[in-house]
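Engineer: Just passing along the structure, written as structure tokens.
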Amino acid sequence: MIKVLIVEDDPMVAEFNKRYLEQVGGFELQASAVSVDEALEILEQKEVDLILLDIFMPRLSGLELLSQIRKAGKGVDIIVVSAASDSYSIKKALQYGVVDYLIKPFEFGRFREALAAYRERAILMRDQEKLSQVDLDKQIFHKDAIGKPGELPKGLNRDTLKLVWDHIQQADNEPFSTEEIAQRVGISRVSMRKYLSFLDQIGVLETEMFYGAVGRPVYKHRYIPSKRKVINSYLEPVR
């Protein structure tokens, strides 16, 4: 089992991260910390393989924790889970070697994807003494996910993307949930999540998180009019 430490000062967000973690196999929560100082104490007392780390923390930021971990030579891996979307924070986190960076708000599918990718990487490193270039490209550097400009990722259909995009524009810039747009288009929520994730990756959607009275938060999307031209190359056949 991959031992996890959650470092998050918001109790509600920490609880959601804990619930999400429980839904992905292969991970075990070791502890939660609400500050950098508490996280450092836990790291001295317990074995931790992976940290889910927020950047905005009281007194000392998550970046300071990253710095201290690296200075101490600790081999623990870090996935940032934070609302910090500024280029400085992202650049510094990458310089400190984070394995993934999730910007709040995000959907469970993106969280699961990050953990699944990390789990595959951990298994690969554990089971194989030497790695091939193919292994590195696929599991570590994800080279196979990079296509030609305008080329859709595997599993996405251009006609369906056009249909999804048409319905998104018909929303008149009102926020919508994955389930709402899936019902309008007439495809499954699982399939719709893939298209929305792609649109988010190319920067034409933004996502907001709304907390309901009970249960997990509701994520709603809204397209960014100024980014409309970005999608055009994906709506026409690649030549």
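Engineer: Say whether the condition of being within 22 Å of the chain's Cα centre (by Cα) and in the same structural domain as Lys220 (by TED's automatic domain parsing) is met by at least one residue in the range 168-176.
Structural biologist: yes
Engineer: Identify, from the list Glu38, Glu44, Glu28, the residue that is under 26 Å from Ile123 (Cβ atoms) and either of a type outside the set (A, V, I, L, M, F, W, C) or assigned to a helix (DSSP H, G or I) (or both).
Structural biologist: Answer to the selection: Glu28.
Engineer: Could you say which residue among Gln23, Gln45 is touching a residue at least 60 places away in the same chain (Cβ under 8 Å) and surrounded by fewer than 22 Cβ atoms within 10 Å (Cβ to Cβ)?
Structural biologist: Matching residue, one of Gln23, Gln45: Gln23.
Engineer: I would also like to ask the following. Which condition number does Pro153 fail, the rest of (1) at pLDDT below 90; (2) in a helix (DSSP H, G or I); (3) in contact with a helix residue (DSSP H, G or I) (Cβ under 7 Å, 6 or more places away or on another chain) being met?
Structural biologist: (2)
This table checks each residue for (1) touching a residue at least 40 places away in the same chain (Cβ under 8 Å); (2) in contact with an Asp or Glu (Cβ under 8 Å, 6 or more places away or on another chain); (3) assigned by TED's automatic domain parsing to the domain that holds Glu15.
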position	(1), (2), (3)
Met57	yes, yes, yes
Leu60	no, yes, yes
Leu63	no, no, yes
Arg70	no, no, yes
Lys91	no, no, yes
Phe108	yes, no, yes
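Engineer: Considering Leu21, Leu40, Leu52, which residue is within 18 Å of the chain's Cα centre (by Cα) and either under 21 Å from Ala93 (Cα atoms) or at pLDDT 95 or above (or both)?
Structural biologist: Leu52
Engineer: So, Ser89, is that one at pLDDT 90 or above and in contact with a Lys or Arg (Cβ under 9 Å, 6 or more places away or on another chain) or not?
Structural biologist: Answer is no for this residue.
Engineer: Hey, another quick one. Looking at Ser89, Ser67, Ser85, which one is polar (S, T, N, Q) and not in a helix (DSSP H, G or I)?
Structural biologist: Ser85
The values are calculated or read from the model by the stated rules, or taken from the named source; none is laboratory data. What you are looking at is a predicted structure, and each value in this text was computed from that prediction instead of being measured. Reconstructed Cβ throughout: ideal geometry from the backbone, glycine too, with neighbour counts over all protein chains shown.
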